[in-house]
Amino acid sequence: MLVRCLVPIGIIAALWTFAAAETRTSSYTIEELKAVARTFHPTLDSVEAGVEAATGALRQARAYPNPAIAVAGGRGRPRDGGEARSETSLEFVQPMELPGVRKWRARVAELGVRGAEVERAVAKSVVDSTVTRLAYTVLGDQRRTEIARESARIAERLHDLLARRVELGESSPLEAVKARTEWFARRRVVLDAESALEFARSALNLMCGRQLGSRYDVIDAFDRLGADDLPQDLLPRLRADNPVLLRTGVAVEEAEARIEATRREKLPRIDMVAGYDTELDRTATSLGVGLTIPLWNRNRGANETATAFRRKASSDAGALLVALESELIQANTEYGRALAAIRLHREGWTAAAMQSLEIATYSFENGEASLLDVLDAQRAYLEVRVAEADSWAALNIARAEIERLIGGPLDTETNNEAH
């Protein structure tokens, strides 16, 4: 009987634990989110496999050519008659690469490894910057949702106040209807803000390999302002440390090494040959040298292809530098615009909107202002708070974009420690 009672209790306890786990909200900082994305995003595993493949190609490029052994046997009979006898032939061939052929082949493979490693750094930079941008989007949407809920609570208090006044005959039913309509409008704003927040959370969770759970919050500095002005060395840092630009530089070096490798490949190949033969009436040992003459194929096509790839890699590097500098200018502009807007709020714009709402509400409660004045003050306060949240989100996203372009933290000291 006791067992029968314990089984349903155990099932209920398990269901309750599962439900509690589902409703529990986790919290992550941006650095923690980056760590999760680096572990579970498939792109990084793909580029890691590329590094391993390039390392294998380098090992193969450094290998010496294998020798060849030929063995033949049979039976022969002298022309003047006699018994048949066995005949054997043994040949050993060792290809010999001229100086520089193997060296430049390995050099091309070494640059391939370096390019794969830079590709890994590019993928890591893309994952980090995407996670940072999505995290600040979530932080901005969290702030907008809080503002929308606060505005809905203010509208609800006004609605309740007017409902009581209508019951006491102190206000007209029309004003209560207007307040109720405004309350519904504010609740609709809350729904829109929550929907945007859930979408941003889903995008960030997808970027992190769906490891964050269905409910989580991002906790990080959102409205903390660092240095007012950006450093003056952003363009040199972009040219020196941007991983995508470094990748094109490695591609140019690899193309130049491939040109030299193709030039070496057209040199004659030498084969060292050793043989041992047993025939009917003699035994012979021989040593020789084989020479492959580039008579019909001088590797011109491969050399032309490598030269064209070098020109293409150089052109791609120049075009990429122009595009990256344009992106840096745009990010700087967005940062400056957001910073200017934040300064307006810090000078008193948000405080003025809050004060206007408090005065309008107090005056309305004491019969010195109309309902329209209160509603206008509420809308103005909501717009100002949302504008402030938008400015902070834009500032943080622009900062993350600048850090992606310059290949490191915006703070010079932190960047030096990272290097």
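Hey, got the dipole for the chain? About the Cα centre, +1 on K and R Cβ, -1 on D and E Cβ, debye to the nearest 20?
So the magnitude is around 1720 debye.
Return, ordered by residue number, the residues of region 275-297 whose backbone nitrogen is under 13 Å from a label point located 7 Å along Cα→Cβ of Arg85.
278-284
I want to verify a result. In a Gaussian network model of the chain, Cα cutoff 10 Å, which of these has the top mean-square fluctuation: Met207, Met354, Met272?
Met272
Starting from the Kirkwood radius over alpha-carbon pairs of region 108-255, derive D by Stokes-Einstein at 20 °C in a medium of 1.002 mPa s and give it in µm² s⁻¹.
Taking Rh from Cα pairs, D becomes 107 µm²/s.
Going by the alpha-carbon gyration tensor, a ≥ b ≥ c the square roots of its eigenvalues, is the chain rounded (a/c under 1.5) or, if a/c is not under 1.5, prolate (a/b greater than b/c) versus oblate? Can you show the working numbers first?
Values: a/c = 5.21, a/b = 2.47, b/c = 2.11.
Prolate, because a/c is 1.5 or more and a/b exceeds b/c.
Non-local amide H neighbours of Glu87 (under 5 Å, H modeled in plane, Pro and chain starts lacking H): which ones?
Gly74, Arg75, Gly76
Can you compute the helix-only [θ] at 222 nm over the chain? Use -39500 (n - 2.57) per DSSP H run of at least 4 residues, normalise by all residues, nearest 500 deg cm²/dmol.
So the calculated ellipticity at 222 nm is -25000 deg cm²/dmol.
Name the residues whose placed amide hydrogens come within less than 5 Å of the amide hydrogen of Glu279, ignoring near sequence neighbours (fewer than 5 apart) on the same chain.
Ala284
Read phi for every residue in region 249-264 and hand back ³J(HN,Hα) as whole Hz from Karplus 6.51 cos²θ - 1.76 cosθ + 1.60, θ = phi - 60°, with x for Gly and Pro.
x, 5, 4, 5, 4, 5, 5, 5, 5, 5, 4, 5, 5, 5, 5, 6
Determine which lysines satisfy two conditions relative to Lys34: a Cα distance under 29 Å, and not lying fewer than 8 residues away in the same chain.
Leaving aside lysines fewer than 8 places away in the same chain, those within reach of Lys34 are Lys124.
Show the residues, 5+ positions off or on another chain, whose built amide H is closer than 5 Å to the amide H of Asp217.
Ser26, Ser27, Tyr28
Could you work out how much longer the chain between Leu168 and Val71 gets when fully extended? Use 0.36 nm per residue separation minus the Cα distance between them, nm to one decimal. Intermediate results must be reported in sequence, preceding the final value.
On the way: separation 97, 0.36 × 97 = 34.92 nm, distance 11.65 nm.
Between Leu168 and Val71, full extension yields an extra 23.3 nm.
Length gain on complete extension for the stretch Ser26 to Arg300, per 0.36 nm per residue less the alpha carbon to alpha carbon distance?
Values: separation 274, 0.36 × 274 = 98.64 nm, distance 6.25 nm.
The Ser26-Arg300 span can extend by a further 92.4 nm.
What Rg and what Dmax come out for region 263-419 when only alpha-carbon atoms are used, in angstroms?
When restricted to the Cα atoms of region 263-419, Rg and Dmax are 38.1, 134 Å.
Return the single residue from Arg385, Arg105, Arg269 with maximal mean-square fluctuation; model: Gaussian network over the chain, springs between Cα atoms under 10 Å.
Of Arg385, Arg105, Arg269, the most mobile in the Gaussian network model is Arg269.
From the phi of every residue in region 324-339, what ³J(HN,Hα) in whole Hz does the Karplus formula 6.51 cos²θ - 1.76 cosθ + 1.60 yield, where θ is phi - 60° and glycine or proline is x?
5, 5, 5, 5, 5, 4, 5, 5, 4, 5, 4, 5, x, 5, 5, 5
Let me know the shape class of region 140-182, please: from the alpha-carbon gyration tensor, a ≥ b ≥ c as square roots of the eigenvalues, rounded when a/c is under 1.5, otherwise prolate if a/b is greater than b/c, or oblate.
Taking the square roots of the gyration eigenvalues as a ≥ b ≥ c, region 140-182 is prolate.
Rounded, prolate or oblate: pick one for region 208-289, where a ≥ b ≥ c are the square roots of the eigenvalues of its C-alpha gyration tensor, a/c under 1.5 means rounded, and failing that, prolate if a/b is larger than b/c, else oblate. Please list the in-between numbers first.
Details: a/c = 8.01, a/b = 2.68, b/c = 2.99.
Here region 208-289 falls in the oblate category.
Rule-based calculations on the coordinates, nothing more; no lab input. Note that the coordinates shown come from a computational prediction; the quantities given were computed from them, not determined experimentally. Heads up, the Cβs are rebuilt from the backbone with ideal geometry, glycines too, and the neighbour counts pull from every protein chain shown.
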